[in-house]
Each structure stands twice: as C-alpha cells, then as structure tokens.
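Notes for the one structure printed next.
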Amino acid sequence: MIALENVTKRYGSTTVVDDVSLTFGGEGIVALIGPNGAGKSTLFSLVGRLLKPDAGTVSVDGLDVATASSPELATALAVLRQDNHVGARLTVHDLVEFGRFPHSRGRLTEVDRDHIERAIDYLELDAYRGRFLDELSGGQRQRAFIAMVLAQDTRYVLLDEPLNNLDLRHMTEIMKLLRRMADELDKRIVVVLHDINFAATYADRIVAMREGRVVADAPAAEVMDAAVLERVYDTPVDVHEIDGRPVALYYS
Amino acid sequence: MPTDTFEVGAPEIPAPLRRGRGLRELWSQPWVRLTVLAAVIAVAVGIYLFTDVPGSLAFALRIRGLTVAAMLVVATAVGVSTVVFHTITANRILTPSIMGFDAFYVLISTIIVFFLGSQSFLTFDPLTLWLVQVGVMMTFSSALFTWLFGGRRRSVHLMLLVGIVLGVFFRSFAEWMQRMLDPLDFQVLSDAMFASLTRPDELLLTLTGALVVAGAIATVPLLRTLDVLTLGAPAAIGLGVEHRRVVLALFTIVSLMVAASTALVGPILFFGLIVANLAYSYAGSFRHAWTLPCAVGIGMLCLIGGQLVLEQVFGYGGTLSTIIEFAGGLFFLYLVLRKGAR
C-alpha cells in the first residue's frame, strides 16, 4: 500500500498539496484526475521521492519514503513521468534494460534478461528493439517507456499522463494495456488522466483533486456524476449514459 | 595506453546488429573502434619519441617520455572530467571550466606576480605553488557545490550559473591586475597562461598522475550508474540511484582531476568540449564504459598530434592550444554539419 498521511507541499507561499491523506495501491487501476495545477504531478513526485513534503509522511509498503533506501524503493515502486527526454541515443533494448537497474545495478543476470524479454514481448516491441528512441513514433516511444517500467518488476506502477500527445488509437491501446497489466500481472496502477471518459472506462477507482486537496475518492461510476465533475473542474459537465456506460460531455 | 586506466568488461548486450557485413559490422563494435584508436595513438607516440633525435637517444627518450606521461595525465583528466560533467549536468555543450577552474588558475598566478614580482614567481617552489593552486581550486569548487547543491535547493543549473558569473568576475579581476603589471612581469605571466606539456616537474607529475589515476579508478564502479544518469535525474532516482550522493562523488572526482592537472600544466580544459563530443560520435555506444576511454584516447591523440604538428610543421612557432583548437574545431564543425545534412 502507498499511504500519504497529512501531506503538505508548498512552493514558496503557494500550497500545491494541502494536507492530503490518501491510500492507494489496492488491486486494479486508480485514476487521478483534476484540473491543471491541482497538485497531481506534485503528489507523484512526493511518492517518487523527487520532492520532500513540508509536512506529513509518505510510505510504500510501510517503508517511509524519506528514510528508506532508494534502491529498495525502486524495486517496489516504478514511476513513469510526463516528459521523458533522453539526452543520449538509446535503443529500445537499452531503455528496457535500464528497468533492471534496481535489481542488477547494471550487471544483468539470466533473470534480468528474462524480464527484459518478457517486457519487450508484452509491449509487442520485438520488431523495434534495435531502433533508436528518436526514430519511433509517439505511441511506440510511450510503449518503450512502459516496457522499461514493466521490466522494473514492481508491484506499484505510477504513470503521469501517459496519454499525452497520443492519437485516439494509441490512447485506447495504452489504456487496454494498463488494464491487462492490472488484471493479468496484478500490477497496482495509479495513472493521471485528463480524459475523464478514459478514467471512467478503464479505472476501478477515481481520485479527484482540486487546489491541492482530494475532493472526491470513490468507485469510478460514482465520480462520473455531473455535480461532482463540475465541482472538480469548475466548468459545466454533462454526464449521459451511452450503451450502459457513463460518458461525460464537456465540449460545448 | 591511456585506455588501460579503465577496466572495461565486455558489453552486456552486443551493439544493435545492423545490416551490412564484415568490416562494417566489425566497425560498429565499440571495442574495435577503441582498439583502432589505441593503435593510432601508439604510432603517434612512437613517431614523437623516436624521430629527430639530435643527440643521445636515452636522454631524448627520458625527456620526451615525461612529456608523453604529462599528456596522458592531462588527456585522462580532461576526457573523464568533461564526459562525467556532461552526464551530471545533462548538457553536452559545457566543460568543467565553467566552474571557474581556469579563471582561478589565472587569478592565483596573477596575484603572485602582482604582489611578489615575476622573479619570485619563476623561482617559487613548484610544489608549494601546486599545493596552493590545487587547494584553492578544490576549496572554491566544493564551497560552490555544497552551497548550491547540498542544501535544500539542489539545483545543478543554479550552481552552473553562479559558477559562470564568478568565473567571469575572477577573469576580469585578473585582467585588471595584469593591466597594471610592468611589461616584463606581464610577459612572464602570459607564458604561464598557456598550457605547456613539455618538461613537467617530475615530482608534480607523479603527484598529479597519482590523483588522476585514483580519480579514474574511482569512476569505474560508477560507470553503470553514469549510464542511468543519461536518462535524467528524475528517471535515475526512480530507478534507485542515490542521486545526491552519486553526483557529489562524481563532482569531487571531476574537481580533483581538473584542479591537479591545471595546477600542473596550466589551463587545459579548452579542448574538453571537442574531445567529449568527438568521443560520443566515435564510440558508437552511449555507455560510459566506452565513451570515457574514447574521450581519453581522443584527448591523447589531440595532444600528441598537436605537439607533432607544432614541432614538425611550425617549428615551435605557436602554442599547442592554438593548433588543437583550430584543427579540432574545424573537424568538430565538419561533424556537426555533416550530421545536420543527413
């Protein structure tokens, strides 16, 4: 379980995460939604030990993130961030190999190679393994990074807006993939999403944030409510039932 | 061979197999490229040692051997420090000179000439001078580092920015003092401002060599961590790299190597940028186990080649840095433009 207890983070005088207590890491997918600047990415950075909270504690499986050893945490929790700019020219295989660093410290064993192969297979990247990252399309690149996270073989996987800059087909592909990872591999996935309809379709639970606070935390169907969503985004949202599923309309 | 400093194991995964057979495939292997580089260096060193011997061969070998040793030390310091610096700062257009090492060297020398005169500068005990230079440069860089990276702020960029500003300040301050020197003193000082690899002091060369070799050895266990750092600090932290500790260790190694070699031969970082970038395109792998020895080798080739050109073509009518910067710069431009055209 990933547990945040009364966590507060300020940038200067601006409070971006405001006394948040939250537990996630149960089975399935948790979608984290909310307007820009709600504190979603900051929350991820606090869990991924890129930032230190000004107050409160974050723990992963009982390990306090502030004091636990970084390599140990890296075998329990993988974080895929929003922008993944790589300075050097890496191939897909090189990248996926990095996922094994927490386990092997760079000296690959048979077990490591096995994990790398399985991750590449799972993401259907076999044909691209020798390609350089800058020769891939956006969708393939994103899959390569998810393969790295998968090779890291952690129980918890945090993804910050993995659908950014992808087209309809690739967004759906990535979400189906996350669903499969949760169902088949028992990954505990937390994903930041901007398209609430994807959240409603693929997530089991939705956590909505606004101005640094959690304003809704419930099964996906319950959060898909016009009143709730309007409060989260501060903009009119209609929710209709189409083919038995709630669909939010916010385009006009 | 300069590359012997590094214990390079076989690559974990063979370089991506490309189409093309025989020589081309062989050439895509980093170890082949490194071997070729080492062979070229060996030939250049041979030419330098054995041609144009005016008198006793043994005497010439002794004197020239010292120069070759100094070149090795400098090439290792420059190659390793620049590549490591690039990886830490996630930037390939900087060199550690941005932290003001060269500026400090110039300033300290200027202060000595300014207050004590060129006579005492020339007769100054070289060991004391070296110790003072290394001490001051190390103190400055560690102060800058702990101030701007060790605290809560932890920003590499802020540290670089402050480093640049202070570097410019020290340089201007030194220039201001130089303007008030008498012409003879100024002449002596100007000579000291160009890196000179010939006839190094044996004791200082041994000391510097020991520090640089120690630094290179200390880098070996960190090679794979350096690879992970190319993904950027956030991703590296996510993969369990203890970023602050590792960067502190690497930065200390870089500072020590650069400070010691600068104090030995004068400002040397000028060709780090060319050497490192040539190494990235030559090595054929992003892995530091290959890019680092390649950078050292290319640095050595620049130094020995430049020295040969200086002696054979220009008859000592110039400085080594001019030749390396001119030829290396042109070659570097060619590489960049050729890549852009593709």
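What follows is calculated from the coordinates using simple rules that are stated; it is not laboratory data. Note that the coordinates shown come from a computational prediction; the quantities given were computed from them, not determined experimentally. Every residue, glycine among them, receives a Cβ derived from its backbone with ideal geometry; neighbour counts consider all protein chains shown.
If you line up the Cα atoms of chain A on their principal axes, what length do they span on each, largest first, in Å?
Projected onto its principal axes, the Cα set of chain A covers 52, 44, 32 Å.
Among A:SER21, B:SER321, which comes first, second and so on when ranked by fewest other beta-carbon atoms within 10 Å?
Ascending Cβ contact count within 10 Å gives the list A:SER21, B:SER321.
Roughly how far apart, in whole Å, are the Cα centres of the stretch B:100-139 and the stretch A:213-237?
68
So what is the calculated 222 nm ellipticity per residue for chain B, using -39500 (n - 2.57) for each DSSP H run with n of 4 or more, over all residues, to the nearest 500 deg cm²/dmol?
Computed mean residue ellipticity for chain B: -24500 deg cm²/dmol.
Per DSSP helix of 4 or more residues, -39500 (n - 2.57); summed, then divided by the residues of chain A. What does that give at 222 nm, rounded to the nearest 500?
-9500 deg cm²/dmol
Which three semi-axes in whole Å describe the equivalent ellipsoid of chain B, each the square root of 5 times a Cα gyration tensor eigenvalue, listed largest first?
32, 28, 18
Mind checking the angle between helix A:110-122 and chain A's longest principal axis? C-alpha axes, 0 to 90 degrees, to the nearest 10.
50
Principal axis lengths of the stretch A:66-160 from Cα atoms, whole Å, largest first?
In descending order, the Cα extents are 40, 31, 23 Å.
Would you work out which of A:LEU95, B:VAL134, A:TYR233 lies farthest towards the positive end of the dipole of the protein assembly as shown? Charges go on Cβ: Lys and Arg +1, Asp and Glu -1.
B:VAL134
Which one, B:VAL106, B:VAL45, B:VAL296, projects farthest toward the positive side of the charge dipole computed for the stretch B:2-341 from Cβ point charges (K/R +1, D/E -1)?
Positive-most Cα among the choices belongs to B:VAL296.
Taking only C-alpha pairs under 8 Å that are 6+ residues apart, what is the relative contact order of chain B in percent?
32
Measure nothing fancy, just the Cα-based angle from helix A:168-184's long axis to the longest principal axis of chain A, in degrees from 0 to 90, nearest 10.
Once rounded, the angle reads 80 degrees.
Taking the Cα centre of chain A as origin, sum charge times position over the Cβ atoms of Lys and Arg (+1) and Asp and Glu (-1), and report the length of that vector in debye to the nearest 20.
Dipole of chain A, to the nearest 20 debye: 640 debye.
With a 10 Å Cβ neighbour count serving as the proxy for reagent exposure, in which order, fewest first, do B:TRP130, B:TRP147 appear?
By the 10 Å Cβ count, ascending: B:TRP147, B:TRP130.
Going by average Cβ density within 10 Å per residue, which order do the peptides A:58-67, B:294-303, B:248-257 take, highest to lowest?
Ranking, from highest mean packing down: B:294-303, B:248-257, A:58-67.
Pick out the long, greasy-scoring helices in chain B: whole DSSP H runs spanning 24 Å or more along their own axis by Cα, mean Kyte-Doolittle at least -1.0.
B:30-50, B:57-89, B:101-123, B:126-145, B:156-179, B:202-219, B:243-265, B:288-312, B:320-341
Based on the Cβ-Cβ distance of B:ARG245 and A:ARG89, what FRET efficiency does E = 1/(1 + (r/R0)^6) give at R0 = 25 Å, to the nearest 0.05?
0.35
What are the extents of the Cα atoms of the protein assembly as shown along their three principal axes, listed from largest to smallest and rounded to whole Å?
Principal extents (Cα only, largest first): 97, 59, 43 Å.
What number comes out for the charge environment of B:PHE270, summing +1 per Lys or Arg and -1 per Asp or Glu over other residues with Cβ under 12 Å away?
Combined, the nearby Lys, Arg, Asp and Glu give -2.
Quick one, what does Rg over Rh come out to for the stretch B:194-261 if you take C-alpha atoms and the Kirkwood Rh?
Taking Rg over the Kirkwood Rh, I get 1.14.
By counting other Cβ atoms within 10 Å of each Cβ, how are A:VAL232, B:VAL336 ranked from fewest to most?
If I rank by nearby Cβ atoms, fewest first, I get B:VAL336, A:VAL232.
Just tell me how shielded B:226-236 is by partners: mean number of partner chain Cβ atoms within 10 Å of each residue's Cβ, no decimals.
Going residue by residue through B:226-236 and averaging, the value is 6.
Compute the distance in nm between two label points, each set 7 Å from the Cα along the Cα-to-Cβ direction, one at B:THR51 and one at B:LEU127.
3.9
Expressed in nm to one decimal, what extension gain is obtained for the pair A:GLU124 and A:LEU249 from 0.36 nm per residue of sequence separation less their Cα-Cα distance?
Gain on stretching A:GLU124 to A:LEU249: 41.7 nm.
Report the Cα centroid-to-centroid distance between the stretch B:298-342 and the stretch B:180-198 in angstrom, as an integer.
24
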